[in-house]
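Here the structure comes first, spelled out in structure tokens, and everything after it is commentary.
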Amino acid sequence: MYADDETVRRILQDTGDTWAVVGLSTNRSRAAYGVAEVLQRFGKRVVPVHPKAEPVHGEQGYASLADIPFPVDVVDVFVNSDLAGAVADDAVAIGAKAVWFQLGVIDEEAYGRTRAAGLSMVMDRCPAIEIPRLGAGR
């Protein structure tokens with residue numbers, strides 16, 4: 001297991017409300033789209049990060065984490081595992097407080113690097129599942 005319930009709860013409740021969702025686009029059939037809706041329902045500001053930089057759920061999109069002109073608290077990663085490590089490194093570089101790798105996104109080396117850099121991290125879990133499971137909504 002890559003994060004205990006206390007870490008998950010802390011990220012959801014105490015780490016901050018600005019979540020950059022990497023891989024979020026206007027494609028309604030993608031998991032990121034529905035998870036972003038759940039995050040918004042629970043009071044999170046969802047910032048789409050996708051090469052197309054499209055607005056999604058009423059928020060301006062950005063092509064990369066580095067393009068976001070304001071602080072990001074949590075980086076939620078919906079990309080293939082082979083790309084996720086670079087996203088985690090970018091999250092560290094922009095000063096995020098936590099990284100969340102979605103279900104099926106696993107990179108143990110990136111997990112180690114991110115934790116060593118002082119960030120909280122969750123891997124292979126989904127906040128849309130964890131919020132109701134832990135009663136972590138606001």
Original post:
What nm value, rounded to one decimal, do you get for the distance between Asp67 and Lys52 when each label is placed 7 Å out toward the C-beta?
Top reply: 1.3 nm
Subject >> Derived scalar couplings ³J(HN,Hα) [segment 60-74; Karplus, 6.51 cos²θ - 1.76 cosθ + 1.60; whole Hz; x for Gly, Pro] >> reply: 4, x, 10, 6, 8, 4, 5, 7, 6, x, 8, x, 10, 8, 10
Original post:
Counting only protein heavy atoms and using a 1.4 Å probe, what share of the accessible area of the chain belongs to carbon plus sulfur, as a whole percent?
Top reply: 49 percent
Subject >> Dipole of segment 48-138, positive end: most advanced residue of Met121, Gly61, Ala110 [Cβ charges, Cα centre] >> reply: Met121
**OP:** Within the set of other residues whose C-beta is less than 15 Å from the C-beta of Val35, count the net charge using Lys and Arg as +1 and Asp and Glu as -1.
**Re:** +2
Original post:
Could you give the accessible area per residue of the chain, probe 1.4 Å, as a whole number in Å²?
Top reply: 47 Å²
Original post:
Out of residues 5 or more away from Val21 or on other chains, whose amide H comes under 5 Å of its own, with H placed 1.01 Å from N in the peptide plane?
Top reply: Val47, Val49, Asp76
Original post:
Hey, rough spin-label estimate for Arg30 and Asp14, points 7 angstrom out along Cα→Cβ, what's it come to in nanometres?
Top reply: 3.3 nm
Original post:
Which trypsin sites (Lys or Arg not before Pro) from segment 1-74 combine a DSSP loop assignment with at most 12 other Cβ atoms within 10 Å?
Top reply: Arg28, Lys52
Subject >> Options (1) 18.7; (2) 16.0; (3) 14.4 - which one matches Kirkwood radius over Cα pairs in Å as calculated here >> reply: (3)
Original post:
Distance in nm between label sites at Ala116 and Glu6, each 7 Å beyond Cα in the beta-carbon direction?
Top reply: 2.4 nm
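The values are calculated or read from the model by the stated rules, or taken from the named source; none is laboratory data. What you are looking at is a predicted structure, and each value in this text was computed from that prediction instead of being measured. Cβ coordinates were reconstructed from backbone atoms using ideal geometry, including for glycine residues, and neighbour counts include every protein chain displayed. All accessible areas refer to the heavy atoms of the entire protein, side chains included, with ligands and DNA or RNA removed. Shrake-Rupley method; radii C 1.70, N 1.55, O 1.52, S 1.80 Å.
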